[in-house]
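The values are calculated or read from the model by the stated rules, or taken from the named source; none is laboratory data. Everything numeric in this text was worked out from a predicted model, so none of it was measured. With ideal geometry, Cβ positions are generated from the backbone for all residues, glycine too; neighbour counts draw on all protein chains shown. Just so you know, the surface numbers come from the protein's heavy atoms only, side chains and all, with ligands and any DNA or RNA stripped out. Shrake-Rupley method; radii C 1.70, N 1.55, O 1.52, S 1.80 Å.
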Amino acid sequence: MGAGPLLALKALYKNFGGILAINDLSFELAQGELLGLIGPNGSGKTTAVNLITGFVKPSSGAVVYRGRTISGLPPYAIVRLGISRTFQMVKPFYQLPAYKNMIIPLCSPRVKQMAGGRYGDRDAVALDLLEEVGFERDAQVAYKSAAVLPQGYLKRLELAKAIALKPDVVILDELFSGLSLAEVASIVPIIERLRQEGKSIIMIEHRLKELFRIADRVVVLNFGQKIAEGRAEAVMASDAVKKAYLGVEA
Amino acid sequence: MERRKERIDRGIKVRAGDVFALCSWREMLYLLAPRLIPVLGFLLLPLILDNYWQKVLLSVAAFALLAISWDILAQSGMISLGQALFFGLGAYCSGVLTHVFGWPPLLALPVAALLGGLLSTLCLLPVLRLRGVYFSMVTLIIPLMLVRVVEATKIFGGTEGLSGIAPLPSKWIELYLIVGALLAALFGFRRMLDSDYGLVLKAIKDNDRSVINAGINIYWFKAQALFIASSLAALTGAFMTHVYMFVGMPVFALDYSILPIAAAVVGGPGTLAGATVGAVILVPLSEVLRGIGGLRIVFYGLFLVVFIVALPEGIFHYIQRKYHQFERWVEVQ
């Protein structure tokens, strides 16, 4: 492994008015690692992701990516460096067919740069990417308007949009929420394939059982603070985590 | 025996919305006619109309261009209430270039379009981050401010304006220049909006965070759309300066902001063709109503209200939908 972690959060603080949403948060993501980010509702998981991706600026502290401080950069610039994310609330372009939704990320300067200065046939690339995340090629789903797609496909579309950017770090914000067990089971291999390709992944998840099967390590947040970090079983056995999740002294 | 209409195109539409076989004249005509009729109409009308209605046609084309410009902005998520800003800046640019620097009108026109577009873009650049009604408010205020600036500083003729500006070489050049510009803008920018570039613009309107998340600098794209749209409106303003042979404070009037919006909304926003259809209906209507005197605006307003209530999708969307919808009569027991 190279020198230092791929991505590091260093003593991040974020104030929303009087509310301390993120309180002295530090953790690291190694190259090729799958890190789970968990915690009760309102514990600051999504804010942490927004801080990494630049949608929210930290009150203090820094996000360091490949040795370079990226906090303060605009979100589109951070994406261009190779960090892409999905949104918890899916954000498709509803009026467009699914595969046309893919055109937007495929218009990104990052895609051109990764492909050696050319964009290529975006429609064809879009269909390939959608097939990768489970839009069956012969079933016409890819041509259907995003407005009529069921939630499972919208989540896949969201994932495909993130992958289209050929990222090094993928941040999945509650990708599994709202999906059935069968749907989750069919998305897990896609995530495992991303890992085999060497991508580093941060997953925010409430579906802990599914997450623990694939995560190397988890970080637990509560009230914006990191209360535990480590392997899944060890973390879940800790008293602080039990208290945060169950609200009782264990 | 009762009869009802049955759709016979649904089976095809489910599979593909836009695939037509080009194997007969009828089918080719089916696709060509909606494009050919407006082109031929605009090209032939100047030859048929009398002097007065030629002026009306000029006005139709000018407002259609302003409405197209508004629609391009609206498609990129920027609702402009200040087309008069772009129109006025273009008008003043061309006026000053010909009046003060003695440029020939045909050279001043394109330069004024680009210069007017550039100035408009610079004016609105600081507020590009604003969304929705906040952006609209600023576009509404700036032209009203500029009127007062011209009045107070007495710049470029002040309240008197600049008159005696060189006209275009002939009436025919005038007519075909604006009609040509309209057709080029209509078909050219329709194509642009259908391209991947246009898709990005429309996506910004739909969901700007998602576009940012695709690594795209939406402010750069919005600035480009703003430049394109304002240059188009500035060209119209520059053109009208040479038609009226005058430029003054009225170029920032609210009419130039509101009428294009009415045209785009009545015609159906999002297609540019709708904006054109709207202008083709509203401008002559306003002329015809001139005969009834004082109540003109009331009838005009009433017409607008009826249209917006009865056909909220816009005339063009309605016609387009019906045109691509195949039905036959079937008997119902």
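Quick notes on this structure:
- Test item: A:107-116 mean partner chain Cβ contacts at 10 Å: 3
- Between the helical axis of B:83-99 and the longest alpha-carbon principal axis of chain B there is an angle of about 50 degrees.
- Estimated FRET transfer efficiency when R0 is 41 angstrom, pair B:E331-B:I79 (beta carbons, to 0.05): 0.25
- Remark: relative contact order (chain A) = 26 percent; criterion is Cα-Cα distance under 8 angstrom and separation of 6 or more residues.
- Per the accessible-area calculation with a 1.4 Å probe, the total area buried between chain A and chain B rounds to 1900 Å².
- Folded to 0 to 90 degrees: helix A:122-132 orientation relative to chain A principal axis, Cα: 50
- According to the Cα-based calculation, Rg over Rh for region B:2-332 is 1.01, with Rh computed by the Kirkwood formula.
- log10 of Debye I(q)/I(0), alpha-carbon scatterers only, for chain A at 0.09, 0.14 Å⁻¹: -0.39, -0.95
- Which of A:Y143, B:Y300 is most accessible, then next, and so on - probe 1.4 Å: A:Y143, B:Y300
- For B:E2, the solvent-accessible surface computed with a 1.4 Å probe is close to 130 Å², ligands and nucleic acids excluded.
- Tilt relative to chain B, helix B:273-289 - C-alpha long axis, 0 to 90 degrees, to 10: 70
- Carbon/sulfur fraction of accessible area - region A:126-176, other protein chains in place, 1.4 Å, %: 50
- Rg/Rh, computed from the Cα trace of the protein assembly as shown with Rh as the Kirkwood radius, has the value 1.06.
- Computed about its Cα centre, the charge dipole of region B:196-333 is approximately 100 debye, with only Lys, Arg, Asp and Glu carrying charge at their Cβ.
- Contour minus Cα-Cα distance for B:K322 and B:I8 (0.36 nm per residue): 111.8 nm
- The lysine pair tally for region A:44-190, using Cα distances under 28 Å and a gap of 8 or more places or different chains, is 29.
- Take A:K100: with every protein chain present and a 1.4 Å probe, its accessible area is about 50 Å².
- Ratio Rg/Rh, restricted to region A:87-199 and using Cα atoms, in which Rh is the Kirkwood radius: 0.94
- Counting, for every residue in B:203-209, the Cβ atoms of other protein chains within 10 Å of its Cβ and taking the mean gives 5.
- Pairwise FRET efficiency - B:L32 versus B:M1, Cβ, R0 = 51 Å, nearest 0.05: 0.85
- For the set A:M114, B:M192, B:M1, A:M203, solvent exposure ranked by accessible area (probe 1.4 Å, protein chains only) runs largest to smallest as B:M1, A:M114, B:M192, A:M203.
- Cα radius of gyration and Dmax for region A:54-119 (Å): 14.4, 41
- The solvent-accessible area of A:K112, taken with every protein chain present and a 1.4 Å probe, is close to 80 Å².
- For the pair A:A182 and A:M89, a Förster radius of 25 Å applied to the C-beta separation gives a FRET efficiency near 0.65, rounded to the nearest 0.05.
- Considering only alpha-carbon pairs that sit under 8 angstrom and 6 or more positions apart, the relative contact order computed for region B:2-332 is 33 percent.
- With every protein chain in place, chain B: carbon and sulfur % of accessible area (1.4 Å): 69
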